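Worksheet: one structure, shown below.
Where a number appears in this text, it was derived from the coordinates with a stated rule and is not lab data. Keep in mind it's a predicted model, so treat the numbers as computed, not measured. Don't worry about glycine lacking a Cβ; one is built from the backbone with ideal geometry, like all the others, and counts go over all protein chains shown.
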Amino acid sequence: MILLSPKLSESAASASDAVALAGSRPVSSPISAEHAWRDPGAAACDADIALSRWTRNAAQPLEVVNNGSPRWHCIGINLKCTTLTFSHAGRTLVQGRVTAGAAQITAPGVACRAAFEAPSDVLHLFASQAVFAECYEDLFGHPYAGDIVIDDPRLVRDPALERLGQALAVSHTQDATLGKVFADSVSLAIVSRIVARHFAVDGRDARNTRGAAALPPWRMRRTVEYIDAHLADSIGLADMAQSAGLTRMHFAAQFRRATGLRPHEYLMRRRIEHAQQLLLETRHGVLDVALSCGFRSQAHFTTVFKRFVGETPYCWRMKAHVDR
């Protein structure tokens, strides 16, 4: 599926997979807009990963404060150049211009203050201790003893983190489930990269997609059976990983190694294959076929079908029946 490796060449997965497909419905982003600085909103309070974006176009100065969540690390990735004064736990870290791509990690429960002097655009990724623990275990092969706390607040300049942040920033989709899978996967890659940097692991030595073992046949069989049994349902990366008995990161890397496809790409291909079978063997309308294959609208189904098959479902069905 989407990138899960901390390695730079793999972690800069193409954002085009998440860019909006053309269609009649408006596209949406997996990232919520922040109404308060560094606050993803009440809807994310029970999540292990949350994404929000602080966008400000006004040029006049603005001072904001956040007391820090007790359960989340906050990872900020600057998406455009800005000018500000940033204080962390009462200590001024930045005073002046900050370039696009700069990242900063704040540990749980740490208060921060910022005085913006120019327009700004910052992506905030909130990750729970469970996510950090999962990434650590995937990197090192054993659990971390205790809680992981990234307590170095200095600005980080890492091309991999910058590209991952930009991939999230431009990601839009008509399929909310697909968007969630993409966002979760890239978010895990960001956390994994940060954990690897914190524990001084060279990216070449950290486990990555190319170096991972392929998904064993018995796990692949369980995954395929799960997908085929739930094609009409909302299927996420966590669901597929659970069916194989693996963490999300292990599953995604091993699945791609075994199939050459990201999990979400395989899922979409399988849905289109099932749709072709229904179009050929039943008299169901195109909308009914779309819903039976897990699509939430006929317009989205038609767009994806045409991308994979080269024709609209209606035209393909007509030609298929003529050829039989």
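In whole Å, what is the distance between the alpha-carbon centres of segment 114-158 and segment 235-303?
The distance from the Cα centre of segment 114-158 to that of segment 235-303 comes to 31 Å.
On alpha carbon coordinates alone, what is the Rg over Rh value for segment 46-111, Rh being the Kirkwood radius?
Rg/Rh: 0.95.
Using the basic label-point model (7 angstrom from Cα toward the beta carbon), what is the Gln277 to Thr55 distance in nanometres?
Label at Gln277, label at Thr55, 4.1 nm between them.
Could you give the dipole magnitude of segment 264-313 about its Cα centre, charging the beta-carbon of Lys and Arg +1 and that of Asp and Glu -1, in debye to the nearest 20? Each step should come with its number before you reach the end.
Details: 7 positive and 5 negative charges, 26 e Å.
The dipole of segment 264-313 has a size of about 120 debye.
Counting other beta carbons within 10 Å of each residue's own, what order do Arg271, Arg257 fall into, fewest first?
On the way: Arg271 23, Arg257 15.
In order of increasing Cβ crowding within 10 Å: Arg257, Arg271.
Can you tell me the equivalent ellipsoid semi-axes for segment 217-260? Use √(5λ) from the Cα gyration tensor, largest first, whole Å.
Semi-axes (√(5λ), whole Å): 16, 11, 9.
Could you work out, for segment 272-323, what percent of all Cα-Cα pairs fall into each 5 Å distance bin, beginning at 0 Å and stopping at the bin that holds the largest distance?
4, 25, 38, 25, 7, 1
Efficiency by 1/(1 + (r/R0)^6): what FRET value for Phe308 and Leu62, r their Cβ-Cβ distance, R0 = 45 Å, to the nearest 0.05?
Working: r = 47 Å, r/R0 = 1.03.
Once the sixth-power term is evaluated, E becomes 0.45.
Which peptide among 85-98, 181-194 comes first, and what is the full order, when sorted by highest mean count of other Cβ atoms within 10 Å? Walk me through the intermediate numbers first.
Values: 85-98: 14.2, 181-194: 25.7.
Ranked from most to least packed, the peptides come out as 181-194, 85-98.
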